[in-house]
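Heads up, the thing below is written out as structure tokens.
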Amino acid sequence: MKAQQQKGMTTLGILILVAFVGLFVYAGIRLIPVYLEHMKIQSVMAGVENEFDGQNPTRKDIALYIQKRFDVESVSVISARDIKIKRDGADYIVSMEYQNSTPFIANVAFTVNFEKEVRIRK
């Protein structure tokens with residue numbers, strides 16, 4: 001008689017695969033709010049560019065607009081004071097760099113670095 005070959009995964013193999021996939025799904029769930037917050041900040045930066053491009057604004061106008069938009073969007077990871085507004089000839093360059101951390105498991109956390117820069121033409 002010929003012995004049959006078994007095919008498929010064992011229960012232990014399936015459990016290991018489910019745990020591995022579950023770990024990645026959990027990591028995604030923890031990172032989604034970080035990226036949603038970043039999308040809000042990108043929206044504010046794009047709004048600054050659209051609102052003031054060609055309007056000859058002052059630094060104070062730009063900073064006030066950013067602070068109001070952060071308040072409306074409920075952005076808490078960065079404030080308008082953290083945004084750098086510098087002159088480049090007649091234009092303004094509005095830039096921001098920040099880190100956002102979120103806990104993962106026990107003492108392990110994810111830290112994501114973001115940076116964005118827009119140019120406001122006079």
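Just so it is clear, none of the values below were taken in a lab; they were calculated from the coordinates. Given the structure is predicted, the values throughout are model-derived calculations rather than measurements. A quick note on method: Cβ atoms are made from the backbone with ideal geometry, for glycine too, and the neighbour counts reach across all protein chains shown.
Data overview
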item	result
Helix 59-73 vs. the chain, principal-axis angle (Cα, 0 to 90°, nearest 10)	40
Computed over the range 34-120: relative contact order in percent, which uses C-alpha pairs under 8 Å that are six or more apart	28
Cα-centred dipole magnitude for the chain, charges only on beta-carbon of K, R (+1) and D, E (-1), debye, nearest 20	280
Lysines with Cα under 28 Å of LYS84, excluding same-chain neighbours fewer than 8 positions away	LYS40, LYS60, LYS68, LYS116, LYS122
Per-residue Cβ neighbour rank within 10 angstrom, fewest leading, TYR26, TYR65	TYR26, TYR65
At q = 0.09, 0.13 Å⁻¹, base-10 log of I(q)/I(0) for the chain (Debye sum, equal scatterers on each alpha carbon)	-0.42, -0.64
Selection from LEU17, ILE93, SER74, by position along the positive dipole direction of the chain (Cβ)	LEU17
Net charge of neighbours whose Cβ lies under 15 Å from the Cβ of GLN67, counting Lys and Arg as +1 and Asp and Glu as -1	+2
